[in-house]
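**Q** Quick one: the structure is below, questions incoming.
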Amino acid sequence: VEIRTRPQGRFAALGHTGPYLEIGKRFEALAAMFSSRGLWPSAQGMAGVYYDDPNAVAEADLRSHAGILVGADFKMPDDMEDLVVSEGRVAVMTFKGPYSGLKAGYDYLYGVWLPESGEEPRDAPAMEIYLNDPTDTAPEELLTEVCLPLK
């Protein structure tokens, strides 16, 4: 786990409510929108923003966003949300493996690392930054940065 200061990020995003493992459908829809409109040259990466603790909120009520990082000059289409994630300190854990295994990573980050670190979480959503493409990367080779906002 590494502590970094993340810059503010702006995302073209689609909201998702329900099990976090089902957010892939929103990423697919967002990618199709970018492809059909020729927007990929504006893309600077993909990330998911996760608002709720799945251990405390019913799966059907979990809130998240699928997002594509874009610059300040990107003209946001009406059918995408303009989502801004604030800058700040974050604990970053790089997880290698299938997305279905991310829960174990979160359990470690929040349940083991955080209590032992002396750090306090900030009131901001967790974020996953996807470092490679699941359409051309084997699940066991996927790399995801899990970002826990800190005070």
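**Q** By how many degrees, between 0 and 90 and to the nearest 10, does the Cα long axis of helix 24-36 differ from the longest principal axis of the chain?
**A** Here the helix axis deviates by roughly 30 degrees.
**Q** Defining a contact as two alpha carbons under 8 Å apart and six or more residues distant in sequence, what relative contact order in percent does the stretch 27-151 show?
**A** Taking the mean separation of contacting Cα pairs over the length of the stretch 27-151, I get 30 percent.
**Q** Moving to a separate point now. Of all the accessible heavy-atom surface of the stretch 15-104, with the other protein chains kept in place and a 1.4 Å probe, what percent is carbon and sulfur? Can you show the working numbers first?
**A** On the way: 2680 of 4960 Å².
Roughly 54 percent, rounded to a whole number.
**Q** Per DSSP H run of n ≥ 4, the term is -39500 (n - 2.57); total these for the chain, divide by its residue number, and report the mean residue ellipticity at 222 nm rounded to 500 deg cm²/dmol.
**A** Numbers: 3 runs with 24 residues, N = 151.
Roughly -4500 deg cm²/dmol at 222 nm, from the helical runs in the chain.
**Q** Let me ask something else about it. If Lys and Arg each add +1 and Asp and Glu each add -1, what is the summed charge of the other residues whose beta carbon sits under 10 Å from the beta carbon of residue 3? Each step should come with its number before you reach the end.
**A** On the way: positive: 4, 89; negative: 2, 119.
That sum, taken over residues with Cβ under 10 Å, equals 0.
**Q** How would the stretch 83-143 be classified by its alpha-carbon gyration tensor: rounded, prolate or oblate, with rounded meaning a/c under 1.5 and the a/b versus b/c comparison settling the rest?
**A** Oblate, since a/c reaches 1.5 and b/c is not below a/b.
**Q** Turning to a different aspect of this structure: Please get the size of the charge dipole for the stretch 1-120, origin at its Cα centre, with Cβ charges of +1 on Lys and Arg and -1 on Asp and Glu, quoted in debye to the nearest 20.
**A** So the dipole magnitude of the stretch 1-120 works out to roughly 440 debye.
**Q** List the longest stretch of the chain that has no exposed loop site; here a site is one of the GluC sites (Glu not before Pro) assigned by DSSP to anything other than H, G, I, E or B, with at most 16 other Cβ within 10 Å.
**A** Working: sites that count: 87, 119.
Longest run free of exposed loop sites: 1-86.
**Q** Moving on. For the stretch 1-67, state which trypsin sites (Lys or Arg not before Pro) are in a DSSP loop and have at most 15 other beta carbons lying within 10 Å of their beta carbon.
**A** Values: sites: 4, 10, 25, 26, 37, 63; in loops: 37.
For trypsin sites (Lys or Arg not before Pro) across the stretch 1-67 that sit outside H, G, I, E and B with at most 15 neighbouring Cβ atoms in 10 Å, the list reads 37.
The values are calculated or read from the model by the stated rules, or taken from the named source; none is laboratory data. Given the structure is predicted, the values throughout are model-derived calculations rather than measurements. Heads up, the Cβs are rebuilt from the backbone with ideal geometry, glycines too, and the neighbour counts pull from every protein chain shown. The protein model used for the area step is the full one, side chains on, heavy atoms only, and it has no ligands, DNA or RNA in it. Shrake-Rupley method; radii C 1.70, N 1.55, O 1.52, S 1.80 Å.
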